[in-house]
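A.B. asks: Handing you this structure, nothing more for now.
Read the figures in this text as sums done on the coordinates, not as results from a lab. Treat the numbers as computed from the prediction; the structure is a model and nothing was measured. Cβ atoms come from the backbone with ideal geometry, glycine included; neighbour counts cover every protein chain shown.
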Amino acid sequence: MVQAGTIVLYFLYISVMVYIIYNNYRKAQKLKSMSDGFLMAIHDIKNFSTNIDATGQVLKATVKAKHDSIKPGNISKHIEVITSNCREMNKLIESFTKAIKQDESDEYGVDYENIIPLVHEAVKICEFYAKKNNILLEVETQWTEKWAKLDKGKFIRILSNLIMNGVKYSNEYGRVIVSVGGDDEWVMVSVKNSGKGMNDEELEKVFKKHYRGKDTVDAADISFGIGLYGSQQLARSMGGKIVAESIKDQGSIFTLILPLKGSLVRRICNIPISNKRVDKETSV
């Protein structure tokens, strides 16, 4: 009887220890996730502030060169890019604040969205950063509408990060092309640059946390080495991924692949919405 009681006590002791270890493990994982999220948020805030700074510099140079001949529409365009970056920055801060206050599920902020305007929004956000670096930024798409279930904020964060990387690692006076394609199951948004490209070793490590390429374009640039890693995590949280292709001395292509979550016809508020093609590619 005493032996049976001892066994029960040992069992209870082991159970309590297992629970404590498991509970501590969950807390550690949560802290790690919050730490990664914080670094990713800081990285993207840095991107948005870089875009604001570039827009201000381009506007300042325009004012200096043209003096009183600047058109109000031109100034308005610069201000619009600045406010767009500020808006995305505020959304990011708000999202991260909510994540700290409560456990945020992957479905938070997810809705059916037409990604074509979102692509143009991400391009607009980076427009003057590209201009400041003498890079031509273009959009090519076979769609006028392409609906997918996604988190709009995460999508813009991913795409603006890929675009800025494309600009950063392009040769001067090069091009960065953002193209949209896909099929009935997937949407694919590719960012192609005209830079040095990567070898197989670099390509294998490009999505690793804290990894930075050997060829740093700007030695003064402070990098967390978290941008592509963070973008990959955001893509996975929406059921997708980012794939990279590169040829040394010819440039790289980063493609965001996201599921359409169903058939070609989408229903929003019980209204069927179809993806629409255009006959030829568009470029802006």
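A.B. asks: Within 10 Å of each candidate Cβ there may be at most 16 other Cβ atoms; applying that plus a DSSP loop requirement, which GluC sites (Glu not before Pro) in region 107-163 survive? Walk me through the intermediate numbers first.
C.D. replies: Details: sites: Glu107, Glu113, Glu121, Glu127, Glu138, Glu140, Glu145; in loops: Glu107.
Of the GluC sites (Glu not before Pro), the ones in loops of region 107-163 whose Cβ has at most 16 other Cβ atoms within 10 Å are Glu107.
A.B. asks: If you take the beta carbon distance between Ile14 and Asp36 as r and set R0 to 41 Å, what does 1/(1 + (r/R0)^6) give as a FRET efficiency, to the nearest 0.05? Show your work: numbers first, answer last.
C.D. replies: On the way: r = 33 Å, r/R0 = 0.79.
The formula returns an efficiency of 0.80 here.
A.B. asks: So which of Lys131/Lys154; Lys131/Lys205; Lys77/Lys154; Lys64/Lys248; Lys64/Lys146; Lys60/Lys168 end up more than 31 Å apart by C-alpha? Write out the running numbers ahead of the final one.
C.D. replies: Details: Lys131/Lys154 24 Å; Lys131/Lys205 29 Å; Lys77/Lys154 24 Å; Lys64/Lys248 40 Å; Lys64/Lys146 42 Å; Lys60/Lys168 21 Å.
Result: Lys64/Lys248; Lys64/Lys146 exceed 31 Å.
A.B. asks: A further question on this structure: Arrange Met164, Met188 by Cβ neighbour counts within 10 Å, fewest through most, would you? List each step's numbers first, then the result.
C.D. replies: Details: Met164 26, Met188 16.
Placing the least packed residue first, the sequence is Met188, Met164.
A.B. asks: Among the trypsin sites (Lys or Arg not before Pro) in region 168-208, which ones are in a DSSP loop with at most 12 other Cβ atoms within 10 Å of the Cβ? Mind listing them? Can you show the working numbers first?
C.D. replies: Working: sites: Lys168, Arg175, Lys192, Lys196, Lys205, Lys208; in loops: Lys196, Lys208.
Sparse-neighbourhood loop trypsin sites (Lys or Arg not before Pro): Lys208.
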